[in-house]
There are 2 protein chains.
Amino acid sequence: MASSLLSRQLALSLQHNLRLSAPGCRYVSKTATKSVVDFEYDAPSMKTEVPGPRSKELLKQLGEIQNVGAVHFFCNYDESRGNYLVDVDGNRMLDVYTQISSIPIGYNHPALMKVMANPHNLSSFINRPALGILPPENFAEKLNESLLSVAPSGMSRVQTMACGSCSNENAYKAMFIWYRNKERGHNIPSDEEVTSCMVNQSPGCPDLSILSFMGGFHGRTLGCLATTHSKAIHKLDIPSFDWPIAPFPKLKYPLDEFVRENAQEEARCLEEVEDLIEKWKKKGKPVAGIVIEPIQAEGGDNHASADFFIKLRNIATKHGAAFHVDEVQTGGGATGKFWAHEHWGMDDPAEIVSFSKKMLTGGYYHKDELQADKAYRIFNTWMGDPSKNLFLAEVLNVIQRESLLEEVTRSGKTLLQGLYALQAQYPHLLSSARGQGTFCAIDIRDDPTRNSLIMKARNKGVLLGGCGERSIRFRPALVFKEYHVHQFLNIFNDVLQEYK
Amino acid sequence: MASSLLSRQLALSLQHNLRLSAPGCRYVSKTATKSVVDFEYDAPSMKTEVPGPRSKELLKQLGEIQNVGAVHFFCNYDESRGNYLVDVDGNRMLDVYTQISSIPIGYNHPALMKVMANPHNLSSFINRPALGILPPENFAEKLNESLLSVAPSGMSRVQTMACGSCSNENAYKAMFIWYRNKERGHNIPSDEEVTSCMVNQSPGCPDLSILSFMGGFHGRTLGCLATTHSKAIHKLDIPSFDWPIAPFPKLKYPLDEFVRENAQEEARCLEEVEDLIEKWKKKGKPVAGIVIEPIQAEGGDNHASADFFIKLRNIATKHGAAFHVDEVQTGGGATGKFWAHEHWGMDDPAEIVSFSKKMLTGGYYHKDELQADKAYRIFNTWMGDPSKNLFLAEVLNVIQRESLLEEVTRSGKTLLQGLYALQAQYPHLLSSARGQGTFCAIDIRDDPTRNSLIMKARNKGVLLGGCGERSIRFRPALVFKEYHVHQFLNIFNDVLQEYK
C-alpha cells in the first residue's frame, strides 16, 4: 500500500547505513556499495517462476477482456520502488526495461509522492482541461519550469500531446502545413484547396511525403505507421502511404574500431536519401520532412555517427525539407545528455524534436517557423495533460538535484565495459555491445536464444527487453547506479554460464 | 486552493438550505430551486469582460510558447465547481460546453477528490505502467468495475487508449486486420505480405478503406483525419487516403414534424452508401469498415433517425464491412442514455464502439471477432492510463447514485422546450432546435451572429460552444439540473433581446 510506503520511507533511510553489503562479485563485475540514500530495495528477491500463479490467474481474467499475448506478468506497483519492480507473486526484479523505457526516476519516487500530497495540485488531476482553449492559470509557468527548461538548442516553442504517436502525427502535420505555406508563398488557400481537402483530394490534401528509415519506429497510428519499419507485425494489413524509405546505416561495433567501413556505409545511406528525395519529387510526392531517431531503438538499437546526422540534417535543409528528430525513446537523459541529439554538438540540430515516455507527457518542440499559422490546425480536445507536467517538473528537479545525467554517464560506462567483458567471455553468444549512457544494447546469437536469455534472467530477478531481430536493449531508469549495474552484470553472467 | 475547497464543502452543504432563491424568471424560463445538495455555486458572477486583464496577460505569456489563437481565457480550476467554471479574473460562468464535452460530473466533484485522497490509489498516478505488457494487479477488476459495467450491447471486450484519436486509429486498425483475415480465410500472412508491408506496399499494406460521412468528425491524426469532414481547416495541407465519403442526411427539425421528407433524405444517403461501397470495391479499395457518429457533433449536431442507423448497420453487414460507432462525444450519458446508440434499440448495434472525453480515458469496445489475433498488433507504450480508470469508476458510481441519466433526460427536456420557446420568440435569429438529453443544439442566423451571441453570453456568465457552420451546441456536464437550464435560458434570453 502506498500509504505505508511513505511511512516506511523514513525507517528505510535510517536502516540504510546498517544495510548488508550488496551481493558479492561473481564474475566480471565488482561489488559496489550504493553511494546515495535510495528509497528502494537492496537486491532482487524471487519467490516463484515468472509469471507466478497469481499472475497466471489474473492473465486468465484479463484474457476475457483483451488480447493478453503481450502481457509478461502482473505488477504490484504499490510495493515497487526505485529500480525494483515487484510482481503480484511477491517477486522483486531489478528493472532494466522500465515499462518500455518510460519510468524516468524509478518507481514511487518520494518526490512524486509529494506532488500528489500537495493540495495545490489536486485540481490538475481532477479537472482535465481542454488545454488548447481553456488552459489553467499556471500553464505557461509550468511549461517554462518543465519542458522549456530542457528545450533543445534553437527551440523555444513546445506543444504538448497525450502520447508519442499523437506527438509524431502532429509534428508531421506541422511539417506539412509549413511546407505547403512555403510552396504557396503565403498561407491563404485557394477555393479549390478548401473544397478538395474536404473530400481527401489534392490540391487541398496534397501528395506530400515524409522520408523515414528502414528499421525506424515512430508509432503505430496510420501517419506514424507509414514511417515505422521495424517489424512486420506492426504494419501488416494496415493501409499506408507511398512515402520514401531510406536505408539506415548498418554499422559495425565498437564504432571506433570500424571508422572507415562505417563512414562508407553512412555515405551510401546519405546518397540514397538524396536519390529518394529527387525520386519522390519527380513522382509528385515531394518530401516535406525527414524523420529519424538518434538511435533506432525498437528497430534494434542501431547507432550512427554525429557526422551522419549532421550531413543528413544538411541534406534536409538543402532540399527544403524539415528535419524531425524523434526522441520519444532516446530523450529524457538515458544517453547521458538530456537529448540524444546533443551528442551531435549542433546549435541548430532540427526543426522539430518530439518526445514522450520518460517525459511523462507527449509533445514536440519546434522552431518558430514550424508553428501552425492558424488556430485549430494543430489541435485536439486535451492537447496533453497538465497533471503530467506537474510530475515532469518534479522529475527535472530530481534529475538536477541528484545529478542524474552524470550518474547515467558513469553507470553507462560501467555497463558498457561490463558488456564488452561479457562478450569477450561469451563470443559464441554475445556481440556488438553498444550504447550511449545507459542506453545500451547487445546482440545475441539468435532470436530464440535472445528470448530464452530474457526469460532466464527474469527468473533470476532481472527484467530485460528485446529489440530488433536478436538484440537485448537496456533501458533502466535514470536512478540506475553503478551498484545496480554490477548487480545486473553478476546475474546476467550467471545466466550466460548456463549456455556454456 | 483545492485544499480549502474540501474544508469549505461541509460549510456550503450546511448553507444550502439557507440559500437565497435562484435568479427569478425573466422571460421564457421559470424559477427553479435546486433540488439536490450540490457542492457548487448558485449563479454566474461576472467581474470583467472575458478575457479579462489577467487572462490577457497570460495569453501573451503563452503566446511566446504556442499558437494561442484558439485560447478563450485562462481558468482557475481550483475555484471552479460543479457547473461553474471560474476564470483567472474572478469571473464565474455557467459552463454549458465543459471543456469540449469532456467533464462528466462537473468541476472538483467531491467524489473525485476522494479518489485522490485514497492512499491505495497513489501508485496508479505515480507509476504509469505499460499496460499492454505489465498491467497492475487490479487492472481487470477496474475494467470490470468501470468500462465493462457500461459496455454496449453485445460487447464484452474493451481496449483502453490515451485519447479519442488513438482510439479511432486503433479501432480502424482492428477493422483492417479483421477484414484481411476474413479475406484470406486465415491469419497467416504470405511471405510477400510480410515483405511488402515493411515498405508500405500492397499486399502487405492493402488498399482497404473506411467509409465515412460528410460532416463527420473522428479525430485529427492522419488515419482519423481521412474520415473527418467537418471543417476545411482541420484537413488543409495534410495528405490523406482516397476513401469513400457518403452524404449524411440533412434533416429538418423538429424531426417528428418532417417524418416523410426526412425518411426520403435518409433513403437517398443510404443508397449513396451502397453505391460507394460498390464503387470502391471496383476501384480495388474495398470498404473494411463504416464509421459514424450517432449525432454528428463537431459537424453541426446533425441527427438521423434510429431507422437510418439500423439500415446502415445492415448495409455494413451485408457488404462484409465492420460497423464502427464513434461515441467519443455522444457517449457517457449526455443523451439521456449511457450510449447514444442505445436510442436505436438494437441488440447488436455495432462491431466497434469508441469513446473518450467524458469517459476520461480513450478506448473502444468491440465484438469478440474484432480482437486482434496476435500480440503487438494493437499496441503502444501506455495503452491508456490506469489513473483515469480510477476516476471513471467513481464517475460511474456518481452517475448511478445520483440517477444522473434520469436527471439528464429531465434537464434535456426542459432545455429543448426552452429552445423551442426561444426560437418561436426569435424566429429571425434561431431555428432548428434539436437534441437528445442535454445533447442539444440550435442554429443561429449566420456565422457572425452565432459567434457574437457566444461572446455576449460569455460576458453575461454563460459559456457556450459552436459547431458546424452556424450552430451552438450545448454540452453541459451530467450534473446540469433543471435549475441550471432555467439559469441558462434566462441569460440567453437576455442576450437574444439585444438583437431585437
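The values are calculated or read from the model by the stated rules, or taken from the named source; none is laboratory data. Note that this is a predicted model, so its numbers are computed, not measured. Glycine also receives a Cβ, built like all others from the backbone with ideal geometry; neighbour counts cover every protein chain displayed. Ligands, DNA and RNA are excluded from the accessible area calculation, which covers all protein heavy atoms including side chains. Shrake-Rupley method; radii C 1.70, N 1.55, O 1.52, S 1.80 Å.
Rounding to the nearest 10 and keeping the result within 0 to 90°, find how far the Cα-based axis of helix A:306-318 lies from the longest principal axis of chain A.
Relative to chain A, helix A:306-318 is tipped by roughly 20 degrees.
What figure in square angstrom, to the nearest 10, would you give for the accessible area of A:D242 with a 1.4 Å probe?
Here the residue's solvent-accessible area equals roughly 40 Å².
Expressed as a rounded percentage, what relative contact order does chain A have, with Cα pairs under 8 Å and six or more residues apart?
On the way: 943 pairs, mean separation 106.9, N = 500.
Once normalised by length, the contact order is 21 percent.
Among B:117-124, A:276-283, A:340-347, how do they line up from the highest to the lowest mean number of other beta-carbon atoms within 10 Å? Please list the in-between numbers first.
On the way: B:117-124: 19.2, A:276-283: 15.4, A:340-347: 17.6.
Peptide ranking by packing, descending: B:117-124, A:340-347, A:276-283.
Roughly how far apart, in whole Å, are the Cα centres of the stretch A:217-288 and the stretch A:368-402?
Taking the Cα centre of each part, the stretch A:217-288 and the stretch A:368-402 sit 29 Å apart.
If you count, for each residue, the other Cβ atoms within 10 Å and average over each peptide, how do B:130-139, B:423-432, A:350-359, B:366-375 line up from highest to lowest?
Details: B:130-139: 23.4, B:423-432: 15.8, A:350-359: 28.6, B:366-375: 17.8.
With the highest mean Cβ count within 10 Å placed first, the list reads A:350-359, B:130-139, B:366-375, B:423-432.
Of A:K250/A:K311; A:K367/B:K235; B:K250/B:K367; A:K173/A:K285, which pairs sit farther than 25 Å apart, going by alpha carbon to alpha carbon?
Values: A:K250/A:K311 17 Å; A:K367/B:K235 22 Å; B:K250/B:K367 31 Å; A:K173/A:K285 15 Å.
Beyond 25 Å: B:K250/B:K367.
When the helix-only estimate is applied to the protein assembly as shown (DSSP H runs of n ≥ 4, each -39,500 (n - 2.57), divided by the residue count), what is the mean residue ellipticity at 222 nm, nearest 500 deg cm²/dmol? Mind showing how you got there, number by number?
Details: 32 runs with 378 residues, N = 1000.
Calculated from helices alone, the mean residue ellipticity at 222 nm is -11500 deg cm²/dmol.
With a 1.4 Å probe and all protein chains in place, put A:V150, B:V395 in order of accessible area, largest first.
Working: A:V150 30, B:V395 0 Å².
Sorted descending by solvent-accessible area, the residues read A:V150, B:V395.
Solvent-accessible area of A:E406, probe 1.4 Å, all protein chains present, reported in Å² to the nearest ten, please.
Rounded to the nearest 10, that gives 110 Å².
Contact order normalised by length for the stretch A:147-216, with contacts defined as Cα pairs under 8 Å and 6 or more residues apart; what percent is it? Could the numbers behind the result be given before it?
Details: 25 pairs, mean separation 10.7, N = 70.
Worked out over the stretch A:147-216, it gives 15 percent.
When only C-alpha pairs under 8 Å and at least 6 residues apart count, what is the relative contact order of the stretch B:185-256, in percent?
Working: 84 pairs, mean separation 17.5, N = 72.
That works out to 24 percent.
Taking each residue of B:378-387 in turn, how many C-beta atoms of other protein chains fall within 10 Å of its C-beta, and what is the average?
If you average over the peptide's residues, the count of other-chain Cβ atoms is 6.
Can you sort A:Y84, A:Y376 by solvent-accessible area, 1.4 Å probe, largest first?
On the way: A:Y84 0, A:Y376 85 Å².
I get A:Y376, A:Y84, largest accessible area first.
What nm distances, shortest first, do you get from the label point of A:D347 to those in the other copies when the point sits 7 angstrom along Cα to Cβ?
Once sorted, the set of distances for A:D347 reads 7.3 nm.
Strictly over 26 Å apart at the Cα level, which of A:K56/A:K456; B:K182/B:K281; A:K456/B:K142; A:K279/A:K337; A:K56/A:K413; A:K231/A:K374 would you flag in this model?
Numbers: A:K56/A:K456 18 Å; B:K182/B:K281 15 Å; A:K456/B:K142 31 Å; A:K279/A:K337 36 Å; A:K56/A:K413 38 Å; A:K231/A:K374 37 Å.
Going by Cα-Cα distance, A:K456/B:K142; A:K279/A:K337; A:K56/A:K413; A:K231/A:K374 fall outside the 26 Å limit.
Is there a quick way to get the dipole size of the stretch A:119-203? I mean about its Cα centre, with the Cβ of Lys and Arg at +1 and of Asp and Glu at -1; what is the value in debye to the nearest 20?
In total the dipole reaches around 160 debye.
Summing both sides, how much accessible area is buried between A and B? Use a 1.4 Å probe and give Å² to the nearest 100.
11200 Å²
Averaged over its residues, how many other protein chain Cβ atoms are within 10 Å of peptide A:370-377's Cβ atoms?
Working: counts 0, 3, 5, 2, 5, 6, 7, 10.
For this peptide, the per-residue mean of nearby foreign Cβ atoms is 5.
Whole angstrom only: what separates the Cα centroid of the stretch B:424-444 from the Cα centroid of the stretch A:166-201?
34 Å
If you line up the long axis of helix A:404-425 against the longest principal axis of chain A, both from Cα atoms, how many degrees apart are they, to the nearest 10?
70 degrees
Quick one: of the DSSP bridges fully inside chain A, what percent are antiparallel, nearest 5? Each step should come with its number before you reach the end.
Details: 29 of 43 bridges.
Here the share of antiparallel DSSP bridges comes out near 65 percent.
Compute the label-point distances linking B:K283 to its equivalents in the other copies; points lie 7 Å from Cα along Cα→Cβ; give nm, one decimal, shortest first.
Those label-point separations list as 1.9 nm.
Decide, for the stretch A:217-374, between rounded, prolate and oblate: order the square roots of the alpha carbon gyration tensor eigenvalues as a ≥ b ≥ c, take rounded if a/c falls under 1.5, and otherwise choose prolate if a/b is larger than b/c, else oblate.
On the way: a/c = 1.22, a/b = 1.08, b/c = 1.13.
Note, shape of the stretch A:217-374 comes out rounded.
How many Cβ atoms of partner chains, on average, are near each residue of A:268-281 if near means within 10 Å of its Cβ?
Numbers: counts 0, 0, 0, 0, 0, 0, 0, 0, 0, 0, 0, 0, 0, 0.
Mean number of neighbouring Cβ atoms from other chains: 0.
Cα gyration tensor of the stretch A:348-399, axes a ≥ b ≥ c as square roots of the eigenvalues: rounded (a/c below 1.5), prolate (a/b > b/c) or oblate?
It comes out oblate by the Cα gyration axes.
Can you list the distances in nanometres, one decimal and ascending, from the A:P427 label point to the identical position in each other copy, with the point 7 Å along Cα to Cβ?
9.5
Measure off, as a whole percent, the carbon and sulfur share of the 1.4 Å-probe accessible area of the protein assembly as shown, all protein chains present.
Numbers: 17150 of 33730 Å².
C and S fraction of accessible area: 51 percent.
Separation between the A:A111 and B:S190 pseudo-spin-labels, each 7 Å from Cα along Cα→Cβ, expressed in nm?
The modelled label-to-label distance comes out at 5.5 nm.
As I understand it, the dipole of the stretch B:384-500 uses +1 on the Cβ of Lys and Arg and -1 on the Cβ of Asp and Glu, about the Cα centre. Which of B:L392, B:Q436, B:S471 lies farthest toward its positive end?
Comparing the listed Cα positions along the dipole, B:S471 ranks first.
If you take every DSSP beta bridge whose two residues both sit in the protein assembly as shown, what share of them, in percent to the nearest 5, is antiparallel? If you can, show how the numbers build up before the last one.
Working: 58 of 88 bridges.
That works out to approximately 65 percent antiparallel.
Please work out whether the stretch A:177-269 counts as rounded, prolate or oblate from its C-alpha gyration tensor, where a ≥ b ≥ c are the square roots of the eigenvalues and a/c under 1.5 means rounded, while otherwise a/b larger than b/c means prolate and anything else oblate? Intermediate values should be presented prior to the final figure.
Numbers: a/c = 4.29, a/b = 1.94, b/c = 2.21.
Verdict is oblate for the stretch A:177-269.
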